[in-house]
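The block underneath contains the structure these notes are about, expressed in structure tokens.
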């Protein structure tokens, strides 16, 4: 079971950090010429992309660790979490994984000096809500958790089926 989780996480990390950025870079190169999009000039300005990219990687790693340790699953659909997680970065943000990915790709777009890469990031992969998809039950589930459900006594971990049932009430 642990070996399977590790393999799934390694595949997910490779996809997020290597495969998807390379595909986006290829698509950005294809789009840049027909649209006549410029690149940004000087190298020092490109370094402004480093903080959001590093913060994004940190947020994705922290979110993944929290999902594995508190949710008893992996952050990928192949091994979904077994418990609702409301601690760690999930105490501050509804979907820190998506926020981390958005920061990472935004920083990467600045580092690559590619307006087309940024456009793909913000308009295609994270449309509308800035990469923060709404959770099922959302506000009702959080309100129910704040009002003293048993999950709060166990450090904020509540069985997912129970949390979803409460959110639908």
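Each reported figure results from applying straightforward, stated rules to the coordinates on display, with no laboratory input. Predicted model, so just to flag it, every value in this text is computed and none were measured. For neighbour counting, all protein chains shown are included, and Cβ atoms are generated from backbone atoms with ideal geometry for every residue, glycine included.
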Highest mean packing first, using Cβ neighbours within 10 angstrom, the peptides 21-27, 70-76 sort as 70-76, 21-27
Where does each of 10-16, 31-37 land if you order them by average Cβ count within 10 Å, highest first?
10-16, 31-37
So for R0 = 25 Å, FRET eff. of residue 69-residue 15 from the Cβ-Cβ r, to 0.05, ends up at 0.70
Please work out how much length the chain gains when fully extended from residue 123 to residue 47, using 0.36 nm per residue of separation minus the C-alpha to C-alpha distance, in nm with one decimal.
25.1 nm
